Amino acid sequence: QVQLVESGGGLVQPGGSLRLSCAASGSIGVINTMRWYRQAPGKQRELVATITRGGSTNYVDSVKGRFTISRDNANNTVYLQMNTLKPEDTAVYYCNADASVLPTWRRLGVWGQGTLVTVSS
């Protein structure tokens, strides 16, 4: 199995910054595309940012220019640098990865447990 563990959430004032991390561990063959989702209270889960193994990225319009997704393939870790945070960014942020799992190289979609980001004065 493969596990994802997020960290870095917390309370921040509007205009502030946070950096989320998500580390994969377990029987990893390869981690392909990694993503950050978020779910605000009473709303559906939303795809925020995507990064391929080769480093190509995509963002939802509402975070373009403020958030940056990056990854460290050697350590199977993905990051989300969040700047100029707004109250509407308040949500539980989830990491998701497309993983191939040893020893069978079976492909799985893996989710982390989520980390809460609260933007409030």
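In table form, for the structure just shown:
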| quantity | calculated |
| --- | --- |
| Computed Rg/Rh of segment 1-91, alpha carbon atoms with Kirkwood Rh | 0.97 |
| In order through segment 88-104: 3J(HN,Hα) via Karplus (6.51 cos²θ - 1.76 cosθ + 1.60), integer Hz, x for Gly, Pro | 6, 7, 4, 4, 8, 9, 10, 8, 9, 9, 8, 10, 9, 9, 6, x, 8 |
| Cα centre as origin, Lys/Arg/Asp/Glu Cβ charges: the chain dipole, Debye | 160 debye |
| Where segment 50-93 is the region considered: accessible area per residue in Å², 1.4 Å probe | 49 Å² |
| Which of ASN75, GLY114, SER100, positive extreme of dipole for segment 62-121 (C-beta unit charges) | SER100 |
| Amide H partners (placed H, <5 Å) of LEU102, local residues excluded | ILE28, GLY29 |
| Largest-first ellipsoid semi-axes for segment 56-114, taking √(5λ) over the Cα gyration tensor eigenvalues, angstrom | 27, 13, 10 |
| Proximal charge balance of ASN58 [Cβ under 11 Å; K/R count +1, D/E count -1] | +1 |
| Compactness of segment 5-52 as Cα Rg over 2.2 N^0.38 Å, two decimals | 1.40 |
| Percent of Cα-Cα distances greater than 13 Å, calculated over segment 43-83 | 54 percent |
| Total formal charge among the other residues, if their Cβ is under 12 angstrom from that of TYR93, Lys/Arg +1 and Asp/Glu -1 | +1 |
| Heavy-atom accessible surface of segment 9-57: percent carbon and sulfur, 1.4 Å | 45 percent |
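The values are calculated or read from the model by the stated rules, or taken from the named source; none is laboratory data. Worth saying up front: this structure is predicted, and the values here are computed from it rather than measured. A quick note on method: Cβ atoms are made from the backbone with ideal geometry, for glycine too, and the neighbour counts reach across all protein chains shown. Surface areas here come from the heavy atoms of the whole protein model, side chains and all, with no ligands, DNA or RNA. Shrake-Rupley method; radii C 1.70, N 1.55, O 1.52, S 1.80 Å.
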